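Only one structure is covered here, and it is reproduced in the block below.
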Amino acid sequence: MKAFLVANPKGGSGKSTLATNLAGYFANKGEDVMLGDIDRQQSSREWLAIRPFALPTIDTWEVGDDKISRPPKGTSHVVLDTPAGLHGKMLERVLKLSTRVIVPVQPSMFDMLATRHFLTELLSEKAVRKGKADVAVIGMRVDARTRAAGELERFFSTFDLPVLAYLRDTQVYVQATAAGMTIFDLPPSRAERDIEQWQAIVDWVEAD
């Protein structure tokens, strides 16, 4: 099973946007993908509830009493959305379910400060140290013309981690999400630029 943990302790960092679109990529490939949500706000589950029936299927499952979303046996691809403030024992437990961790970061000082502490903790976790869970970062809502974009790039350079992409700040994601869709469900002409930005992400999640 390939299991992808999307995590950042900062609220509004783009976790649900990233998680839903990653699940949408797998679904459009014909994979049997499940989207788990341990965020108390249940944003991803609410999004699934409005997803048009005619689109490629993304399933989910109930969160257990231990607050851990453990996917059903036989699942091939899992994307796990997580709450703000993830750390400590909860982080350790969800890492046991995951083969890869993606950390979305927005180009703001508050986001970078919160993420620095989180990445330091994450990289010290046993599952990561022993190579059982690979970690990568992604810039979210980035305008390459701004000073903030440069600061985010410098921030990423302080960690020895792959930077998969700098996803642009666009209403395409907002509009797709509102319709229960992902960029991979949209006509190619509407999401072409964004799908191109996802190529490095796709290469990383598909790598053995």
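The values are calculated or read from the model by the stated rules, or taken from the named source; none is laboratory data. Please read all numbers here as calculations on a predicted model, not as lab measurements. Neighbour counts run over all protein chains shown; Cβ positions are idealised from the backbone, glycine included.
Here are the numbers:
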quantity	calculated
Residue match in region 3-18 (condition: assigned to a loop (DSSP other than H, G, I, E, B), at pLDDT 80 or above, more than 21 Å from Ala165 (Cβ to Cβ) and out of contact with any Leu (no Cβ under 7 Å at 6 or more places or on another chain))	yes
Out of Thr158, Thr182, Thr170, sole residue that is among the polar types (S, T, N, Q), modelled with pLDDT of 95 or more and surrounded by 17 or more Cβ atoms within 10 Å (Cβ to Cβ)	Thr182
Pick from region 130-142, criterion under 9 Å from Pro107 (Cα atoms) and either of a type outside the set (Lys, Arg) or in contact with a helix residue (DSSP H, G or I) (Cβ under 7 Å, 6 or more places away or on another chain) (or both), ranking: surrounded by the fewest Cβ atoms within 10 Å (Cβ to Cβ)	Val142
Qualifying residue in region 149-161 (condition: closer than 18 Å to Ala19 by Cα and part of a loop (DSSP other than H, G, I, E, B))	no
Residue in region 82-95 that is among the charged types (D, E, K, R) and under 12 Å from the mean Cα position of the chain (by Cα) present	no
Verdict on Ala191 being over 18 Å from Ser13 (Cα atoms), of a type outside the set (D, E, K, R) and surrounded by 12 or more Cβ atoms within 10 Å (Cβ to Cβ)	yes
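Yes or no, residue by residue, for (1) touching a Phe, Trp or Tyr at 6+ places or on another chain (Cβ under 8 Å); (2) among the polar types (S, T, N, Q); (3) closer than 24 Å to Val94 by Cβ; (4) touching a residue at least 40 places away in the same chain (Cβ under 8 Å):
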residue	(1), (2), (3), (4)
Glu121	no, no, yes, no
Glu125	no, no, yes, no
Lys130	no, no, yes, no
Val137	yes, no, yes, no
Val142	yes, no, no, no
Thr146	no, yes, no, no
Gly150	no, no, no, no
Asp160	no, no, yes, no
Ala165	yes, no, yes, no
